[in-house]
Structures are given as structure tokens and as C-alpha cells.
Amino acid sequence: ADIASVVLLLEQCPDLSTLDAQWCHGQLSDKTVSKLLHRYGVRRALLGGSERVSDRVFGKRLLPALLHVDLSQSLITDAGVQQLFKVAPNLRSLILHDCSFVSTPRPEQPLTSLRHLDLTN
């Protein structure tokens, strides 16, 4: 599906809670995913294997509804994880499986809501 078609479909889904874009093989850019996350208040973002997803995906605006993020095998780095921690204060689950550019996430403040962190390779 092309992005314009996906956006048209999503405009008919005001209660969208999960964005599953795993293994889209470069079809979704940071800018597109960021728009979808912010516009629809997505609670679960499954972005594993999305090779165009990088540090810019979360932007700077708060994402208070975002609870679960899977960034497995993406281009995210430590800086991108730090940004996610800043904009998603209610994050409960973060999957960074096989993220080559992430070492050990170091949040600037306590992540009191985080319950699951996957750093496996």
C-alpha cells in the first residue's frame, strides 16, 4: 500500500491504538511514522525491521498515550532512545532487539512506568 492510501484509511480510524509497520522495508519514513503517532495518539508502535526508522521518528512533541514500542532491527541510536524517553513518559515496554546502534539506554530521569526492556541481540 502506498502512504497516501494508508493515511486515507487511517483518517477513518479515529480510535486507532496500534500502528504495526513491522518489516515495511523502507516504505515508511520517520516523517510519516511521526505524523501517524502524533495524529492518532497511538498506544502501541510496532516498527521492528523498518529500515528507514531512525532517531527522528519520535519528534519533540509529547506522546503521552504511547505505551509500547518495538524498534527491533531499526536504525535507532542511543540519542533516539533518549528522545523516546523524553516524549513518551508513560512508556511501559521497549523492545530494542538487535539494534546495532544502541548500547545501554541511560534515561535522564527515572522511568517509573517502564516494565519491559528487551536489549537482546
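So the values come out like this:
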quantity: Mean accessible surface per residue for region 25-77, computed with a 1.4 Å probe while every protein chain stays in place, in Å²; calculated: 47
quantity: Helix-only mean residue ellipticity at 222 nm for the chain, each DSSP H run of n ≥ 4 adding -39500 (n - 2.57), per residue, nearest 500; calculated: -7000 deg cm²/dmol
quantity: Dipole axis of region 57-121 (+1 Lys, Arg; -1 Asp, Glu on Cβ), positive-most option in 57, 110, 74; calculated: 110
quantity: Mean separation of Cα contacts under 8 Å (6+ apart) over length of the chain, as relative contact order %; calculated: 20
quantity: Carbon plus sulfur fraction of accessible area for region 17-121, probe 1.4 Å, in percent; calculated: 50
quantity: Amide N of region 55-87 lying under 18 Å from the label point, which is placed 7 angstrom from the Cα of residue 97 along Cα→Cβ; calculated: 68-76
quantity: Cα Rg, Dmax, the chain, angstrom units; calculated: 13.4, 40
quantity: 95, 76, ranked by accessible area, largest first (probe 1.4 Å); calculated: 95, 76
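The values are calculated or read from the model by the stated rules, or taken from the named source; none is laboratory data. All values derive from a computational prediction rather than experimental measurement. Positions of Cβ are backbone-derived with ideal geometry, glycine not excepted, and every protein chain shown enters the neighbour counts. Accessible surface areas use protein heavy atoms only, side chains included; no ligands, DNA or RNA. Shrake-Rupley method; radii C 1.70, N 1.55, O 1.52, S 1.80 Å.
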